[in-house]
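A short write-up of the structure that comes next.
Throughout, read-outs are computed from the coordinates displayed, never taken from laboratory work. The model shown is predicted, which means the values in this text are computed figures rather than measured ones. Note: ideal-geometry Cβ built from the backbone for every residue, glycine included; neighbour counts use all protein chains shown.
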């Protein structure tokens, strides 16, 4: 896949896209002879990956912000990104053998591909196998924890979540595991009852915070109850 990227589309087409697929950025200009030699080679090699790698072509003359971001001093310059971060690069024209080796280093291993397929399947058995192959895989851990909460296996879900870095998603799942699913109209009554206990009762304070996590920032009551919690604690 080949896309022409501009200063305006760089964030979406390169940074955000690289979270799901490696992106090779080809920085070039119309006046650059070596760029015209290298360009078709990169396009051919990336096309052979059948979508496993994306090629983003950026005219540095027309897109000075991107050129500045990459600190371009000479072109052609080629940078590979994964998860929004540069992971490999080269400058100057390269032959097809060198370009192919560069692109192949970006491709997922056989195990990584297998894990991705298992996560995509999404059933409990597949997710457990994925974690056997890659115990620290965040996507598999989160997906399995969500399934376990639905089943009511809350202790195992919480144990799984402790193995990966905390995030908005993990906090929400952990809150659901500890609190369970309650109707929205019960939150006010429960939170009001908990307020008198949050200062000296760790469990009450955790339950209060968990309910706010489940309500989410879009619920207009969340900010109000957070202020009430702060006033009771401090």
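Helix 202-215 and the longest principal axis of the Cα set of the chain meet at an angle near 50°.
Could you state the angle between the C-alpha long axis of helix 138-151 and the longest principal axis of the C-alpha atoms of the chain, as a value from 0 to 90 degrees rounded to the nearest 10? That helix lies at roughly 30 degrees to the long axis. Residues of the stretch 24-38 falling in the label zone of residue 70, defined by backbone nitrogen less than 14 Å from a point 7 Å along Cα to beta-carbon, are 24-30, 32, 35-36, 38.
Projected onto its three principal axes, the C-alpha set of the stretch 2-104 covers 32, 31, 19 Å, listed from the longest axis down. Taking every DSSP beta bridge that has both ends in the chain, the antiparallel portion is near 55%. The C-alpha atoms of the chain define a longest principal axis, and helix 168-179 lies at about 20 degrees to it. Per residue, the convex hull around the alpha carbon atoms of the stretch 108-180 comes to 78 Å³.
Annotation for the stretch 198-221 versus the stretch 69-111: alpha-carbon center distance of 46 Å. Volume per residue of the convex hull around the Cα atoms, evaluated for the chain, comes out as 162 Å³.
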